[in-house]
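What follows is a set of notes on a single structure, which appears directly below.
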Amino acid sequence: MFNYYIYRFGQILALILPLRLVYSLASFLAQGYYFFAFADRKAVQANLKVIFPEKSDIQLRKISKMVFRNFAKYLADFFRFEKLDRQYIEKNVKLENLFYFDEVLAKGKGVVVLTAHLGNWELGGVVIAQLGYPFWAVAMPHKNKKVNAFFDAQRNSKGVQVVAMGKAVRSCISEIRKNHMVALVGDRDFSGKGTLVDFFGKLVHFPEGPAALSLMTGASIVPGFMFRNPDNSFTLRIEKPIEFLPTADKAKDVKDLIGIYRDIYQDYIRKYPEQWYVFRRFWVEPSLSQVKVKLLEG
């Protein structure tokens, strides 16, 4: 319940103060949180060390501080959804390659929009919806019902329809068959049952949802990322639809398809590490059997 009131207070400040002041306040609070949140700070730096083993501790600390600051700005943007309209998009968002969406929707099989905990995926979804695309997003429900209702209301107010994770499969298939767009964040597995893949040289579980949904429905996977620019404007970049020819081996197809967009994730995270928001230890400690399987796979 306490978090709910914190979010609502943050929303009030974000709506009444000038944006530049909101960002300054968010960065200041993030700096303080960075010093006191030992576990989060340690996890972020450990994750960055896997991505950049060649960087010094000083360099990694600098990046990790930016992670906290950018995430605070991400929350500020989320609180300010009420002020977001087409004029804001035209002024603050550079759109790249939206025609890929149009090309795939013209096929009539729907779209699996794939993104990551990178940049501002929430704002990216709102921008797409505001541009008139039929947009649905799969989201992890918050434990607190009031917090969950607050987050869903923010999304719904700007045209993003929410599918709760755990009830997602049937709803996602239904929307895809209506030639709608369904967005999933595919770089973090919350079930503990995802596919084990090599990510930056270490093993991690990736959720099977985006790949499985595409294979079940025939919808193309279109990666898209909304990242923050140095001047606090944004770039919404849509990548080329993933081309994949399935076989009769469903398990292999899921793993191979995940492998394709795993590489896309790696490229983006290397380029924008200060905008990848994972505040828990990301990689798993593999069992001996998992290591053997990985060695056999080469």
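Could you please find all residues in the stretch 8-42 being in contact with a Phe, Trp or Tyr (Cβ under 6 Å, 6 or more places away or on another chain) and in contact (Cβ under 8 Å) with a residue 40 or more places away in the chain?
G10, Q11, A14, A30, D40
State all residues of the stretch 28-60 that are surrounded by fewer than 18 Cβ atoms within 10 Å (Cβ to Cβ), of a type in the set (K, R) and either touching an Asp or Glu at 6+ places or on another chain (Cβ under 6 Å) or within 27 Å of L123 (Cα to Cα) (or both); if no residue qualifies, say none.
none
From the list L25, L17, L75, L21, which one is closer than 20 Å to K158 by Cβ, of a type in the set (A, V, I, L, M, F, W, C), out of contact with any helix residue (DSSP H, G or I) (no Cβ under 6 Å at 6 or more places or on another chain) and at pLDDT 95 or above?
L75
Are there any helices (runs of 4 or more DSSP H) wholly within the stretch 90-160 with 3 or more residues that are within 21 Å of S233 (Cβ to Cβ) and in contact (Cβ under 8 Å) with a residue 60 or more places away in the chain, and if so which?
121-130
Considering the stretch 247-298 alone, what residues qualify as being assigned to a helix (DSSP H, G or I), at pLDDT below 90 and of a type in the set (S, T, Y)?
The one that is assigned to a helix (DSSP H, G or I), at pLDDT below 90 and of a type in the set (S, T, Y): S289.
Assess whether L196 counts as being at pLDDT below 95 and among the aliphatic types (A, V, I, L, M).
Yes.
Would you tally the residues in the stretch 220-269 being hydrophobic (A, V, I, L, M, F, W, C) and either surrounded by fewer than 14 Cβ atoms within 10 Å (Cβ to Cβ) or without any contact (Cβ under 8 Å) to a residue 12 or more places away in the chain (or both)?
3
The values are calculated or read from the model by the stated rules, or taken from the named source; none is laboratory data. The model shown is predicted, which means the values in this text are computed figures rather than measured ones. All Cβ positions, even for glycine, are placed from backbone atoms using ideal geometry, and neighbour counts span all protein chains on display.
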